[in-house]
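Structure first, then comments.
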Amino acid sequence: MRELSLNILDIVENSVSAEASLVSIELTEDSHLNTLSVTVIDNGKGMTQEELLKAKDPFYTSGTTRRVGMGIPLFKMAAEQTGGTFSIHSVDGKGTLINAIFKTDSLNFKPVGDLHATVSALVSANPYVDFVLKYSVDNNEFVFDTREIKQKSEEIPVSSPDIVKWIRDFIEQNVNNLYGGVTDNENT
Ligand SMILES: Nc1ncnc2c1ncn2[C@@H]1O[C@H](COP(=O)(O)OP(=O)(O)OP(=O)(O)O)[C@@H](O)[C@H]1O
Ligand SMILES: [Mg+2]
């Protein structure tokens, strides 16, 4: 995978499979420490101690067909290859927290990529799940929350093409702004 957003997609899909009703995705970049922390927190069914140990093993999957689960191992490897760290905490019946810290000055660091495409696809495919995206770069923070969108869009489902496109553009623009990008609707 060339982009971290695709690893993040895998991790969030695990949360959705675990029947989470709320998934929070937090990216925190520090340009002085040269770190990017990515945290995914869900209120899904969680894992037992045994399931947790197995989840860290690439040759384990709870899927019944004989196959290898790679979402977690690939995310862990992506972080560790940059000299960063990886951790999982899970409480059976309560939820799961996964954190990976990347060293952004490593040659092995791959860019976040199209997070707006990832998040809008998740919202579109899972209209009954709520997603929060918290993205901060140094002292600037941007928060996106589907619960707010659902309140405002009233009877129009968040998975309708117009809303999904709006979400995609909204996230793209706000993330660009965090990196000092210039937006179209600023008159300065
Ligand atoms: N957020 C989560 N909540 C509950 N269980 C989880 C969560 N994330 C992972 N798991 C458990 O850990 C296993 C391994 O996850 P991983 O993403 O590595 O592989 P997979 O989802 O089985 O397969 P793949 O991601 O390759 O399609 C999952 O099958 C699931 O049992
Ligand atoms: Mg998976």
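Residues in region 1-21 that are within 12 Å of ligand 1 (Cβ to nearest atom), over 14 Å from residue 118 (Cβ atoms) and in contact with a strand residue (DSSP E or B) (Cβ under 7 Å, 6 or more places away or on another chain): 2 in all.
Would it be correct to say that residue 59 is assigned to a strand (DSSP E or B) and aromatic (Phe, Trp, Tyr)?
Details: assigned to a strand (DSSP E or B): no; aromatic (Phe, Trp, Tyr): yes.
For residue 59, the condition - assigned to a strand (DSSP E or B) and aromatic (Phe, Trp, Tyr) - is not met.
With respect to the conditions (1) surrounded by fewer than 19 Cβ atoms within 10 Å (Cβ to Cβ); (2) modelled with pLDDT of 95 or more, residue 122 falls short on a single one, namely (1).
Determine if region 144-158 includes at least one residue that is touching a helix residue (DSSP H, G or I) at 6+ places or on another chain (Cβ under 9 Å), of a type outside the set (Gly, Ala, Ser) and touching a residue at least 40 places away in the same chain (Cβ under 8 Å). Outline the logic, then answer.
Let us first name the residues in region 144-158 that are touching a helix residue (DSSP H, G or I) at 6+ places or on another chain (Cβ under 9 Å), namely 144, 146, 149, 153, 156-158.
Retained after the next criterion (residues that are of a type outside the set (Gly, Ala, Ser)): 144, 146, 149, 156-158.
In the following step, the residues that additionally are touching a residue at least 40 places away in the same chain (Cβ under 8 Å) were identified as none.
The answer is no; no qualifying residue exists.
On the given criteria, is residue 31 farther than 17 Å from residue 96 by Cα, surrounded by fewer than 19 Cβ atoms within 10 Å (Cβ to Cβ), over 14 Å from the mean Cα position of the chain (by Cα) and touching a residue at least 24 places away in the same chain (Cβ under 8 Å)?
Working: farther than 17 Å from residue 96 by Cα: yes; surrounded by fewer than 19 Cβ atoms within 10 Å (Cβ to Cβ): yes; over 14 Å from the mean Cα position of the chain (by Cα): yes; touching a residue at least 24 places away in the same chain (Cβ under 8 Å): yes.
Answer is yes for this residue.
Residue count for region 10-48 under the criterion of being among the polar types (S, T, N, Q) and either part of a helix (DSSP H, G or I) or within 13 Å of ligand 2 (Cβ to nearest atom) (or both): the result is 3.
Among the residues of region 95-102, is any farther than 20 Å from residue 79 by Cα and either modelled with pLDDT of 95 or more or touching a Cys at 6+ places or on another chain (Cβ under 7 Å) (or both)? If you could, list the steps in order and put the result at the bottom.
Restricting attention to region 95-102, the residues satisfying the condition of being farther than 20 Å from residue 79 by Cα are 95.
From what is left, the residues that are either modelled with pLDDT of 95 or more or touching a Cys at 6+ places or on another chain (Cβ under 7 Å) (or both) are 95.
Scanning region 95-102 turns up at least one residue that is farther than 20 Å from residue 79 by Cα and either modelled with pLDDT of 95 or more or touching a Cys at 6+ places or on another chain (Cβ under 7 Å) (or both).
Only residues that are surrounded by 20 or more Cβ atoms within 10 Å (Cβ to Cβ) and more than 15 Å from residue 2 (Cα to Cα) were counted in region 70-85, giving 2. Residue-level check: of (1) within 11 Å of ligand 1 (Cβ to nearest atom); (2) of a type outside the set (Lys, Arg); (3) under 24 Å from residue 179 (Cβ atoms), residue 29 misses just (1). When each of 132, 68 is tested for being at pLDDT below 95, under 18 Å from residue 14 (Cα atoms) and either in a loop (DSSP other than H, G, I, E, B) or within 16 Å of ligand 1 (Cβ to nearest atom) (or both), the lone residue that passes is 68.
Looking across region 139-162, just one residue is of a type in the set (Phe, Trp, Tyr) and touching a Phe, Trp or Tyr at 6+ places or on another chain (Cβ under 6 Å), and that is 142.
Here is a check on your reading of the model: is residue 113 of a type in the set (Gly, Ala, Ser) and at pLDDT 95 or above? Yes.
The values are calculated or read from the model by the stated rules, or taken from the named source; none is laboratory data. None of these values were measured; they are calculated from a predicted model. Cβ sites come from the backbone with ideal geometry, for glycine too, and all protein chains shown count toward neighbours.
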